[in-house]
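Everything below concerns the one structure shown next.
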There are 2 protein chains.
Amino acid sequence: MKENFPCDIRQLPTPSLLLEREVMRANIQRMAERMGALNCNLRPHVKTHKSLQVLADVEKGGNTAGITVSTLQEAEYFFEGGYSNILYGVGLTPNKVEAVANLISRGCSLTVVTDNIAAINLLGERARVLGIELPVLIELDVDGHRSGVPPMGEELIDVARAIQETSGLTLQGVMTHAGGSYDCDSIDDIRHCAQQERDLAVSAAQAIRAEGLSCQVVSIGSTPTALMSNNLDGVTEIRPGVYTFLDLFQVGLGVAQLSDIAISVLTTVIGHQEEKGWVIVDAGWMAMSRDRGTEKQRLDQGYGVVCDLEGEPLMDVIMGKANQEHGIIMVRNGAAPLKPCDFPVGTMLRILPNHACATSGQYEHYCVLEGSSCTNFWRRTRGW
Amino acid sequence: MKENFPCDIRQLPTPSLLLEREVMRANIQRMAERMGALNCNLRPHVKTHKSLQVLADVEKGGNTAGITVSTLQEAEYFFEGGYSNILYGVGLTPNKVEAVANLISRGCSLTVVTDNIAAINLLGERARVLGIELPVLIELDVDGHRSGVPPMGEELIDVARAIQETSGLTLQGVMTHAGGSYDCDSIDDIRHCAQQERDLAVSAAQAIRAEGLSCQVVSIGSTPTALMSNNLDGVTEIRPGVYTFLDLFQVGLGVAQLSDIAISVLTTVIGHQEEKGWVIVDAGWMAMSRDRGTEKQRLDQGYGVVCDLEGEPLMDVIMGKANQEHGIIMVRNGAAPLKPCDFPVGTMLRILPNHACATSGQYEHYCVLEGSSCTNFWRRTRGW
């Protein structure tokens, strides 16, 4: 690992994960301004970047109130780093209450999530044994995406009342993990999802309040819906994550441009298979992740879009195949094969990823680019 | 992290990566015995496990002579751990020669790979500047899988002669990364691939020797071809990796049974979507990896096959969908939906992975199971 900063990008080992700080800051700014305009707080999801230094830039963007984590390991890392207002966004299992209690006892204001009475009973039992009071959000299912209780009807009220009546638990509000926008074909569709998510979450909160129960928090959101919402009235916070880096999947949805993608994988040409028009590079799926999120979108981007060393995308050149430490660069179906003379051995390229959360997860650190120099390595955390 | 061993498997946090040591040892034994019978050395690929403790068990199995690595980071880690006979199996790029020279200068016997004259010229130049002599294998393309020179004809001899004549490089032999067996439909097909790989590698070596050039090493192999080969005459070493753990992809190929898979992901039930017949668990794609290698096999296993806590597979129950930290457990298409009462909140399950290399790569350590107890955490390395 080089430790002499700034260094030229060409001195970095390959593969490396590059983070263009100015591009990221512009993404942060765009989201913060939208939230300002819609008068809503941001509780950014840190599962995309898992980095204290990235979060420091997110905080500078403004309009934030706490963070969202996807693992208790993230909660631990960010709490140790000075953040104490944390929502753990995955339904809590009974075997994690002890770790939650440990964080709470050290001063962390940690809120958890559930969607069923069986869990409520078990979590309450553990909370009482451990002598803690657990703040809880009810997860709502607003689009059939995954988990959650229906946002209207008897079950919602039963769950809310069960939390209220369970000693050791405190009902804080409702939250959604809407994923419907990820299947959308147009911006209008995404706007429709965003509106539906907001409307159902707000009406669920009203239904709970109408029963005389407390429901302070109405927490929704994902990057596409956050970027496309026109109305967040009644929503207290929104939790996008991938907007900091963006990726090819978000470009495919239409909520970002290629030039908005802040991370890429630096790689070096190893050789060629001239007859096939292939260029072989030293970044495979271990460097890109196995995520092929664009496969079912209109434009399949393979394992990623190939850019030159300056980050300029090369027309229709993608990583079409990948093994563990080899990538095969080729032209999208039908176009002319690549020539070795255009990509000599040793040439460095950059690959834009399908999914920023998955690709970042393959690395220990970001190589932070400011201008054409790498100015720092920013560590990221991992595990559970 | 628990540090009091042995501990009951139910005390482990979820998700965790389990390694059944006895199952692994049986896999190691099977391969070592086959190599003994075929009178061939094993140069095991450590990219699957990336762990010194796993390698110690592999070594105990016998018939090994050195190791294969997929990154220079692995070379560094295993060299520091006492292994000095190392083949770096990915075509070397000029920007990595300095790291290679560093290892060689410290006493590591590191061999590298290339398949083209442009690389040979650049590597020779760097080797001379750094004052090292670089042992080189020529990569052969025996099945159109990825990289390599054709195993017969002018180009092979040109490449061999170029290495021989380049000061700073020493020609050691030939190697293949045959991947053809991964597309096979039957054991007969795999046997055919294995025979073709062996025949072409041996004849390439003979052609090089016929020119008066040196070619001591004939290095081939992958797990399916190593397990199915009947003849390795003329081959000096074979380099399987995934055989230590095995996985659903290898089961799909027919070279292993479900009960041979040594690793699985421990997970806990969060909740249910009863109408859909879904069980939601706390292991998503971050815990399983995004690898969906069985998708194109006869039996698509989703993100993995679900087992009970004892490791017994549940008939037709798979992880059908996954988000970052959520898995959706369901019955394979068409069968009856799962009932919450069969998988109460808090139930622990184990998931067998599509691809051992990819799933292991998501973890810091293995939770080593001996009997029904976890007896140790074995660290693994990562990065580049």
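Based on C-alpha pairs under 8 angstrom that are at least 6 apart in sequence, the range B:258-379 has a relative contact order of 31 percent. Label points for B:Glu364 are taken 7 Å from Cα along Cα→Cβ. From this copy to the others they lie 1.4 nm apart, shortest first. In whole angstrom, the range A:239-348 maps to an equivalent ellipsoid with semi-axes of 24, 14, 13, each derived as √(5λ) from the alpha carbon gyration tensor and ordered largest first.
Think of the axis that spins chain B onto A; the B residue whose C-beta lies nearest it, and the distance in whole Å, is B:Arg290, 2. Note on A:Trp384: accessible area approximately 80 square angstrom, rounded to 10, probe 1.4 Å, nucleic acids and ligands left out.
Could you list the GluC sites (Glu not before Pro) in the range A:1-76 that lie in coil according to DSSP, counting only those with at most 14 other Cβ atoms within 10 Å of their Cβ?
Counting only loop positions with at most 14 other Cβ atoms within 10 Å, the GluC sites (Glu not before Pro) in the range A:1-76 are A:Glu3.
List the GluC sites (Glu not before Pro) within the range B:300-383 that DSSP assigns to loop and that have no more than 12 neighbouring Cβ atoms inside 10 Å. Counting only loop positions with at most 12 other Cβ atoms within 10 Å, the GluC sites (Glu not before Pro) in the range B:300-383 are B:Glu310. Spatially, the range B:308-381 and the range B:202-240 are offset by 38 Å when compared through their Cα centroids. On association of chains A and B, roughly 4700 Å² of accessible area becomes buried (total for both chains; probe 1.4 Å).
The modelled label-to-label distance for the pair A:Gln257/A:Arg209, using points 7 Å beyond Cα in the direction of Cβ, is 4.1 nm. The trypsin sites (Lys or Arg not before Pro) of the range B:294-384 meeting both criteria, a DSSP state outside H, G, I, E and B (loop) and at most 11 other C-beta atoms within 10 angstrom of the site's C-beta, are B:Arg298.
I'd like the orientation of helix B:52-61 relative to chain B: the angle between its Cα long axis and the longest Cα principal axis, in ° from 0 to 90, rounded to 10. Approximately 70 degrees, to the nearest ten. Normalised Debye scattering of chain A at q = 0.07, 0.10 Å⁻¹ gives log10 I(q)/I(0) of -0.35, -0.67, counting only Cα atoms as equal scatterers and leaving out solvent. Look at where the Cα atoms of the range A:13-69 and of the range A:251-305 average out, and the two centres are 23 Å apart. The 1.4 Å probe gives accessible areas that order B:His192, A:His365, B:His49, largest first, as B:His192, A:His365, B:His49.
Toward the positive end of the charge dipole of the protein assembly as shown, with +1 on the Cβ of Lys and Arg and -1 on the Cβ of Asp and Glu, the farthest Cα among B:Ser147, B:Ala336, A:Val69 is that of A:Val69. Computed from the alpha carbon positions, the gyration tensor of the protein assembly as shown leads to an equivalent ellipsoid with semi-axes of 47, 30, 22 Å, biggest first.
When only alpha carbons of the range B:322-384 are considered, Rg and Dmax amount to 15.6, 46 Å.
So if we plug the beta-carbon distance of A:Asn85 and A:Gln29 into 1/(1 + (r/R0)^6) with R0 = 35 Å, what FRET efficiency do we get, rounded to 0.05?
0.95
Taking every DSSP helix (H) stretch of at least 4 residues in chain B, weighting each as -39,500 (n - 2.57) and dividing the sum by the residue count yields a mean residue ellipticity at 222 nm of -9000 deg cm²/dmol.
Under 10 °C and 1.306 mPa s, how fast does the range A:22-244 diffuse according to Stokes-Einstein, given a Kirkwood radius computed over C-alpha pairs? Answer in µm²/s, whole number. D = 91 µm²/s. Taking a threshold of 22 Å on the Cα-Cα distance, which of the pairs B:Lys276/B:Lys321; A:Lys296/B:Lys296; A:Lys321/B:Lys47; B:Lys296/B:Lys339; A:Lys50/A:Lys296 fall above it? Pairs exceeding the cut-off: B:Lys296/B:Lys339; A:Lys50/A:Lys296. Annotation: per residue accessible area for chain B equals 36 Å², rounded to a whole number [probe 1.4 Å, protein chains only]. Across the identical copies, the 7 Å label point of A:Asn121, projected outward along Cα→Cβ, sits 7.6 nm from its counterparts, in ascending order.
The values are calculated or read from the model by the stated rules, or taken from the named source; none is laboratory data. Values in this document were obtained by computation on a predicted structure and should not be read as measured data. Every residue, glycine as well, gets a Cβ built from its backbone with ideal geometry; the counts of neighbours run over all protein chains shown. Note: accessible area is taken over every heavy atom of the protein model, side chains too, but ligands, DNA and RNA are not part of it. Shrake-Rupley method; radii C 1.70, N 1.55, O 1.52, S 1.80 Å.
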